[in-house]
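One structure is given below, encoded as structure tokens.
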Amino acid sequence: MAAEDLQQLRELVEFLKANGIAEFDMERTDLKVRLKFAGLQPTAPAAVDLSHLASAIAAQSAAAPAAAAPVAVPATLPGATPVAAAAAPAAEAGPEAGAHIVKSPIVGTFYESPSPDSDPFVKVGDRVSNGQVLCIVEAMKLMNEIESDFAGEIVKVYVRTGQPVEYGQPLFAIK
């Protein structure tokens, strides 16, 4: 395994530890990786952008036999796959220029209100305070309230109710 690939693997391990993720599985046609950290309690599976790691491992696997890959471990959870990076929105000169961007901390489905017949938590023009609920992201039948980490005015909402969102995808711009 190349030094660059090992460094990316180390970065992945540090990321998982820093975010308290106890178990992680990735399965590709030619590679299976399972990481389990002792002492941490398993949480709901988290989706992580591993496109750079997956492509580096794929390149390495193509150059060497699968048996030579020291990180390959046989057991994985069914259906676990790496998540592709969401396309970064183009920089726009508009009301959101220079604004604080609230990003999705998880992969799931975006909801702007607590129920279909309720008013949205926030809309463009609303003033929000630090810790105020902005929306819900549903992941694996769990409703996760996303709170503002910035006080100001909502200048843009990037997604609509029912739209799937990726980890790190912009949800709101706040000035």
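Values in this text are rule-based calculations from the coordinates and carry no lab data. These numbers were taken from a predicted model, which means no experiment stands behind them. No Cβ is skipped: glycine too gets one built from the backbone with ideal geometry, and neighbour counts run over all protein chains shown.
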*asked:* Order these by the 10 Å Cβ neighbour count, fewest first: M26, M143.
replied: M143, M26
*Scan around I106 for amide H atoms under 5 Å from its own, H built in the peptide plane at 1.01 Å from N, and keep only partners 5 or more places away or cross-chain.*
G168
*So how strong a dipole does region 100-174 carry about its Cα centre when Lys and Arg Cβ are +1 and Asp and Glu Cβ are -1, to the nearest 20 debye?*
180 debye
*asked:* Students often get this wrong, so check it: of K17/K156; K17/K175; K17/K123; K103/K123, which have C-alpha atoms separated by over 25 Å?
replied: K17/K156; K17/K175; K17/K123
*Could you run the Karplus curve 6.51 cos²θ - 1.76 cosθ + 1.60 with θ = phi - 60° over region 107-122 and give me ³J(HN,Hα) per residue in whole Hz, x for Gly and Pro?*
8, x, 10, 7, 10, 8, 9, x, 8, x, 9, 8, 5, x, 4, 9
